[in-house]
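The values are calculated or read from the model by the stated rules, or taken from the named source; none is laboratory data. On a predicted model such as this, the values are computed, not experimentally measured, just so you know. Neighbour counts are summed over all protein chains in view; Cβ atoms, including those assigned to glycine, are modelled from backbone coordinates with ideal geometry. The accessibility values were calculated without ligands, DNA or RNA, using every heavy atom of the protein model including side chains. Shrake-Rupley method; radii C 1.70, N 1.55, O 1.52, S 1.80 Å.
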Amino acid sequence: NSLPTSRVLVTVNAEGIPQYEIVENVAWDDIKYAENLNGLVSDASAVCWGSLAQRSSTTRSTIAFILENVPEACLKVFDINIRQHYYDRVVVEDSLLKADILKLNEDELPLVAGLLELNSELSDVAAVMSELIQKYSLDYVVYTCGADFSEVYDSAGLVSHVNTPSVKVADTVGAGDSFTATFITLLLRGVSPAECHAKAVEVSAYVCTQAGAVNPLPEGLL
């Protein structure tokens, strides 16, 4: 692919509030179907995708192909990752209908609830989660609230609530992805959802203490 790698341009206004431009027409906007994808997805244990990568029709089509060709037992995780205006009801609802697990945060919840015209009051988070799970036949919804707490819900209600540990933050790059990766990996190993959640919080907190996106985990952490 001859397109450049992704860039995010950041400007800060007079009040010190950052504004972001996620540059378009970059390599991940043009992920085309290729024959080797068949081999990559035919025995996949899990696949994770979001809404931002679906802002282009090319990459959206490739993601759809992958989701249609994974094994029936493959765990399908929609880490919604809403950014700016790069989402719409069609993309979100189509992804939810394909997903086993939805992961979203406190900023994304009202956007999703409004977009999908959910009946539950936003003040009743458990009711919103229940409606999402029932409407889209989800196994779990993972709900994260940054430095405060995170929760996991299933069809019976709240599975797990974990307060976010207080740590000395170097940066938060990779924290969300490490949370998701830990939760999915342990779930595939047969660990209980509550234990998966607790370990995901622990790993994510550790990642926040490290500078940069990729750092080795200490022995025994995972």
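Could you tell me whether any residue of the stretch 135-149 is more than 19 Å from V92 (Cα to Cα) and out of contact with any Asp or Glu (no Cβ under 9 Å at 6 or more places or on another chain)?
Here is the first cut: in the stretch 135-149, the residues more than 19 Å from V92 (Cα to Cα) are 145-149.
If we keep only those that are out of contact with any Asp or Glu (no Cβ under 9 Å at 6 or more places or on another chain) too, we end up with 147, 149.
Looking for residues that are more than 19 Å from V92 (Cα to Cα) and out of contact with any Asp or Glu (no Cβ under 9 Å at 6 or more places or on another chain), one finds at least one in the stretch 135-149, hence yes.
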Specify the residue that is nearest to W28 (Cα to Cα); the eligible residues are those in the stretch 48-68 that are outside any helix (DSSP H, G or I) and open to solvent by less than 30 Å² (accessible area, probe 1.4 Å). S56
Which ones in the stretch 12-47 are at pLDDT 85 or above and in a strand (DSSP E or B)? E21, I22, A46, V47
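Can you say whether V203 is among the hydrophobic types (A, V, I, L, M, F, W, C), free of Cβ contacts under 8 Å to residues at least 40 places away in the same chain and closer than 15 Å to K103 by Cβ, as far as the supplied structure shows?
Values: among the hydrophobic types (A, V, I, L, M, F, W, C): yes; free of Cβ contacts under 8 Å to residues at least 40 places away in the same chain: yes; closer than 15 Å to K103 by Cβ: yes.
Spelling it out, V203 is indeed among the hydrophobic types (A, V, I, L, M, F, W, C), free of Cβ contacts under 8 Å to residues at least 40 places away in the same chain and closer than 15 Å to K103 by Cβ.
Those residues that are closer than 24 Å to H85 by Cβ, part of a helix (DSSP H, G or I) and open to solvent by 40 Å² or more (accessible area, probe 1.4 Å), I need them from the stretch 111-134; list them, please. Before you say what the answer is, go through the steps one by one.
Quick first cut of the stretch 111-134, residues closer than 24 Å to H85 by Cβ only: 111-118, 122, 128, 132.
Pick out the ones that are also part of a helix (DSSP H, G or I) and you get 111-115, 128, 132.
L111, G114, L115 - these are the residues of the stretch 111-134 that are closer than 24 Å to H85 by Cβ, part of a helix (DSSP H, G or I) and open to solvent by 40 Å² or more (accessible area, probe 1.4 Å).
Could you count how many residues in the stretch 49-64 are of a type outside the set (A, V, I, L, M) and under 17 Å from L102 (Cβ atoms)?
Taking the stretch 49-64 first, the residues of a type outside the set (A, V, I, L, M) are 49-51, 54-62.
With under 17 Å from L102 (Cβ atoms) added as a condition, the list becomes 49-51, 54.
Result for the stretch 49-64: 4.
Tell me which residues, restricted to the stretch 85-110, are in a loop (DSSP other than H, G, I, E, B) and touching a Ser or Thr at 6+ places or on another chain (Cβ under 8 Å). It would help to see each step written out before you state the result.
So in the stretch 85-110, the residues in a loop (DSSP other than H, G, I, E, B) come out as 85-88, 99-100, 106-107.
Correct list: Y86, Y87, E106.
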Please enumerate the residues belonging to the stretch 148-167 that are in contact with a strand residue (DSSP E or B) (Cβ under 6 Å, 6 or more places away or on another chain) and without any contact (Cβ under 8 Å) to a residue 24 or more places away in the chain. F149, H161, N163
Select from the stretch 69-99 the residues that are under 22 Å from S178 (Cβ atoms), open to solvent by less than 20 Å² (accessible area, probe 1.4 Å) and among the hydrophobic types (A, V, I, L, M, F, W, C) and write down the one among them that is modelled with the lowest pLDDT. I82
